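The values are calculated or read from the model by the stated rules, or taken from the named source; none is laboratory data. Small disclaimer: the values here were computed from a predicted structure and weren't measured. Virtual Cβ from ideal backbone geometry, glycine too; neighbours counted across all protein chains shown.
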Amino acid sequence: MLGVPAPTAAEVTEQIDFDIRFIKQIKAVNPKTEIVLYTYSPVPTEGSELYEQVLASGFSFPQNLEDWISPQWERFDLRKNPLTPWLTPEMIDKIRNFETVLNGYYPTVSDIRLSNLKRKMVKIVSGLRYKTNFYQYPLEIKILQRLWKYRQPEIQGF
């Protein structure tokens, strides 16, 4: 879960960077560990400290039933587009780009359509990015994932 709220944008970014380093440490210890990334999406109960904190930061929940089924809230429910005021578009891009590189370097074992050859190819393509911590604009990995119809386990199931 990346993108937890913090008092300042610098602290949110620092926590995202810490989480990325921690994920890489886990993968170094056990490369077969499945990592599913989610962007922090608050689901606080009314009256809790977290509820007051997210309201104070400008977050608001849908007001009626129809709003909950809108595309933006569907993305919120999948923890892909959190609509949270403490996350800037750059922070969300950083999380998504890291996820793309991570999924390229360590493709999920749950995607049975991805052959061993394709796994090796995408690992080679994403390897330099992963090893040098360069995650911006991973277009070559996204192209391969789209071409091969890569299945993200958190969205498409196992």
Original post:
Is one or more of the residues making up region 33-45 at pLDDT below 85, over 30 Å from ASP111 (Cα atoms) and among the hydroxyl-bearing types (Ser, Thr, Tyr)?
Top reply: yes
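Out of all the residues in region 4-32, which are closer than 23 Å to SER110 by Cβ, in contact with a strand residue (DSSP E or B) (Cβ under 8 Å, 6 or more places away or on another chain) and among the hydrophobic types (A, V, I, L, M, F, W, C)? Outline the logic, then answer.
Here is the first cut: in region 4-32, the residues closer than 23 Å to SER110 by Cβ are 19-20, 22-32.
Cutting the leftovers down to in contact with a strand residue (DSSP E or B) (Cβ under 8 Å, 6 or more places away or on another chain) gives us 19-20.
Answer for region 4-32, where residues must be closer than 23 Å to SER110 by Cβ, in contact with a strand residue (DSSP E or B) (Cβ under 8 Å, 6 or more places away or on another chain) and among the hydrophobic types (A, V, I, L, M, F, W, C): just ILE20.
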Original post:
So TYR40 clears everything in (1) in contact with a Leu (Cβ under 7 Å, 6 or more places away or on another chain); (2) exposed (fewer than 14 other Cβ atoms within 10 Å of the Cβ); (3) within 15 Å of MET1 (Cα to Cα) except one condition, right? Which one?
Top reply: (2)
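Is there a residue in region 102-118 that is polar (S, T, N, Q), without any contact (Cβ under 8 Å) to a residue 40 or more places away in the chain and farther than 19 Å from LEU2 by Cα? Lay out the reasoning, then the answer.
Filtering region 102-118 for residues polar (S, T, N, Q) gives 103, 108, 110, 115-116.
Restricting the remaining residues to those that are without any contact (Cβ under 8 Å) to a residue 40 or more places away in the chain gives 115-116.
Now narrow it down to the ones that are farther than 19 Å from LEU2 by Cα: 115-116.
Within region 102-118, one or more residues are polar (S, T, N, Q), without any contact (Cβ under 8 Å) to a residue 40 or more places away in the chain and farther than 19 Å from LEU2 by Cα.
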Original post:
Looking at region 57-158, what helices (runs of 4 or more DSSP H) fall wholly within it and have at least 2 residues that are of a type outside the set (S, T, N, Q) and modelled with pLDDT of 85 or more?
Top reply: 89-105, 116-132, 139-147
